[in-house]
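One structure below.
The values are calculated or read from the model by the stated rules, or taken from the named source; none is laboratory data. Note that the structure is predicted; figures quoted are calculated from it, not measured. All Cβ positions, even for glycine, are placed from backbone atoms using ideal geometry, and neighbour counts span all protein chains on display. Note: areas computed on protein heavy atoms with side chains; ligands, DNA, RNA excluded. Shrake-Rupley method; radii C 1.70, N 1.55, O 1.52, S 1.80 Å.
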Amino acid sequence: MSVRVLQFGTTGQVSRELIRQAPAHDVALTALSRAEADLADPERAARKVAEHRPELVILAAAYTAVDLAETETVLARRVNAEAPGAIARACASCGAALVHFSTDYVFDGTKAQAYLPGDATHPLNAYGETKLEGERRVLDACPRALVIRTSWVVSAHGRNFVKTMLRLAGEGGPIRVVDDQFGRPTSAADLAGFVLSQAGRLADARAGDPVFGVHHFANAGETSWRGFAQGVFELALGDQAPEVGAIATADRPSPATRPARGVLDTSATEAVFGVAPRPWRAALADILAELKAEQETNPA
Ligand SMILES: NC(=O)c1ccc[n+]([C@@H]2O[C@H](COP(=O)([O-])OP(=O)(O)OC[C@H]3O[C@@H](n4cnc5c(N)ncnc54)[C@H](OP(=O)(O)O)[C@@H]3O)[C@@H](O)[C@H]2O)c1
């Protein structure tokens, strides 16, 4: 029997990949758009869980505008903390398991090694604070909740770093990218595939099972934003790859402070779930191939 899945989010990078890949997995997935479940109204959105009575809920929608969250903090908190808490309570009362996504921005980026799920958190910006509060509310309310922290999410769709870099290369001007922030790029497709591959196990697992709690998922390998940009250009443009100059975070001020090293350690996730995230360059090559195929089908 297919696992009955209720997903919040239809248009985001991860949401789209979940919807796209669901037919290849043993799940019956219903995805709710913002119009159908606005997380800015947490109790109303949470009522959707009781209405649908799913076995598994995937909360893929979130307030993700990191800089804007510094000023829209009330809304960001409602969407990223209060709504996940309300949805987690609804999951607990109807017996559904919950998958919720969080971020490397719960850390301050001062640790020299990669962050383990149990490491001390200390967000540097409002977005990270709201996501951390969301984690806590989810874990407090629902004993069968999996919180997946991820980082530097990219895909062929939506607004993301890969698409920004390709646009800049097309414009032909000098390109300078931050070289003192490090992380693990993550393909939304790989993250979605991981979640869907575990749907049956999550739906069946009891409270206390190691699949629940906080886990980290990211593609393998760490890099700087500049290294990531160079990877995009080498794979997309080969010999035509533009030079990528280095710039320091301090020379490119933004409203929200970012952690310098948000590198996530995924070894516990790999052991518990029996998965091995592939290198970020391999995932990136697939994204670029998809973008190229789309461009050939619909030349601008
Ligand atoms: N992107 C990253 O680099 C990154 C890094 C670490 C963690 N994460 C986490 O990973 C998860 C998925 O991120 P993503 O990259 O897929 O995000 P995304 O592409 O920015 O999409 C965000 C989604 O949330 C929806 N949304 C925003 N406000 C909403 C509201 N009030 N009610 C209902 N839906 C709302 C958006 O809908 P509309 O289209 O209607 O706006 C969109 O579908 C999030 O929890 C995020 O915090 C992301």
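Being hydroxyl-bearing (S, T, Y) and either modelled with pLDDT under 95 or under 24 Å from G231 (Cβ atoms) (or both) narrows it down to one of T110, T130, T164, so name that one. Reasoning before the result, please.
On the way: T110 fails: either modelled with pLDDT under 95 or under 24 Å from G231 (Cβ atoms) (or both); T130 fails: either modelled with pLDDT under 95 or under 24 Å from G231 (Cβ atoms) (or both).
Exactly one residue qualifies, and that residue is T164.
Can you tell me which residue among L116, L168 is without any contact (Cβ under 8 Å) to a residue 24 or more places away in the chain and surrounded by fewer than 24 Cβ atoms within 10 Å (Cβ to Cβ)?
L168
If you check S254, S224, which single one turns out to be farther than 12 Å from Q181 by Cα and of a type in the set (S, T, N, Q)?
On the way: S224 fails: farther than 12 Å from Q181 by Cα.
Residue meeting the stated conditions: S254.
Going by the conditions given, is T110 out of contact with any His (no Cβ under 6 Å at 6 or more places or on another chain), closer than 20 Å to R159 by Cα and either open to solvent by less than 50 Å² (accessible area, probe 1.4 Å) or more than 8 Å from the ligand (Cβ to nearest atom) (or both)?
no
Can you tell me which condition M1 does not meet? The list is (1) at pLDDT 95 or above; (2) away from the ligand (no atom under 11 Å from the Cβ), and all the others hold.
Going through (1) at pLDDT 95 or above; (2) away from the ligand (no atom under 11 Å from the Cβ) one by one, M1 breaks only (1).
If you check G170 against the conditions, is it more than 16 Å from the ligand (Cβ to nearest atom) and not in a loop (DSSP other than H, G, I, E, B)?
Against the criterion (more than 16 Å from the ligand (Cβ to nearest atom) and not in a loop (DSSP other than H, G, I, E, B)), G170 qualifies.
Please go through region 269-290 and give me each residue that is out of contact with any Leu (no Cβ under 7 Å at 6 or more places or on another chain), part of a helix (DSSP H, G or I) and among the aliphatic types (A, V, I, L, M), ordered by number.
A271, V272, A282, A283, I287, A289
Filter region 50-79 down to residues that are more than 10 Å from the ligand (Cβ to nearest atom), open to solvent by 60 Å² or more (accessible area, probe 1.4 Å) and closer than 30 Å to L124 by Cα, then give me how many there are.
Qualifying residue count for the region: 6.
For region 202-248, enumerate the residues that are open to solvent by 50 Å² or more (accessible area, probe 1.4 Å) and under 18 Å from F161 (Cα atoms).
E222, R226, Q230, E234, L235, L237, E243, A246
Residue-wise test of (1) hydroxyl-bearing (S, T, Y); (2) surrounded by fewer than 23 Cβ atoms within 10 Å (Cβ to Cβ); (3) within 15 Å of the ligand (Cβ to nearest atom).
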residue	(1), (2), (3)
G9	no, no, yes
Q13	no, no, yes
I19	no, yes, yes
A24	no, yes, no
A28	no, yes, no
S33	yes, yes, yes
K48	no, yes, yes
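Given the condition in contact (Cβ under 8 Å) with a residue 24 or more places away in the chain, in a loop (DSSP other than H, G, I, E, B) and crowded, with 22+ Cβ neighbours inside 10 Å, answer yes or no: does some residue in region 129-142 qualify?
yes
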